[in-house]
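What follows is calculated from the coordinates using simple rules that are stated; it is not laboratory data. Computed from a predicted structure; not experimentally measured. Heads up, the Cβs are rebuilt from the backbone with ideal geometry, glycines too, and the neighbour counts pull from every protein chain shown.
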Amino acid sequence: MIKKESRNAMRLKRHQHIRNKISGTKECPRLSVFRSNKGIYVQVIDDVSGTTLASSSSVTLKINNGGNIEGAKLVGKDIAEKCKKLKIKKVVFDRGGYLYHGRVAALAEAARENGLEF
């Protein structure tokens, strides 16, 4: 009998392939996305020093239904505003092994509309 890998294990494998190709620096940090059923989380990371420069989530913003597209748009807008304060204009987008669709795409588009370049 063939053992099937879980969806999360396959996502982590895809994420590792992505991480082998991209890395964030202080000038151009990595915008990392994590999506759960109840919320969406995003961090701006400098991989050279291993520090998180900024972060936002539907939980910290106290969005009632952070697991939908509207919540993702609010989180994208918030992270773009935090990056403006830190004078970060360009980032490398790390979708975390998720498809660029739905909440992940909505977060990315909202961040772009509010001044982030990637």
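Of all residue pairs spaced 6 or more apart or on separate chains, those with beta-carbon atoms under 9 Å, a first member in the stretch 32-49 that is within 16 Å of residue 90 (Cβ to Cβ) and a second member that is in a loop (DSSP other than H, G, I, E, B) and of a type in the set (Ser, Thr, Tyr) are 46/25; 47/23; 47/25; 48/23; 48/25.
Do the conditions hold for residue 67, that is, is it surrounded by 18 or more Cβ atoms within 10 Å (Cβ to Cβ), within 23 Å of residue 8 (Cα to Cα) and over 10 Å from the mean Cα position of the chain (by Cα)? Judged against the criteria, residue 67 is not a match.
Can you tell me which of 46, 78 is of a type in the set (Asp, Glu) and either touching a Phe, Trp or Tyr at 6+ places or on another chain (Cβ under 6 Å) or farther than 19 Å from residue 102 by Cβ (or both)?
46
Looking across the stretch 109-118 at every residue that is without any contact (Cβ under 8 Å) to a residue 60 or more places away in the chain and part of a helix (DSSP H, G or I), the one that is surrounded by the most Cβ atoms within 10 Å (Cβ to Cβ) is identified as 110.
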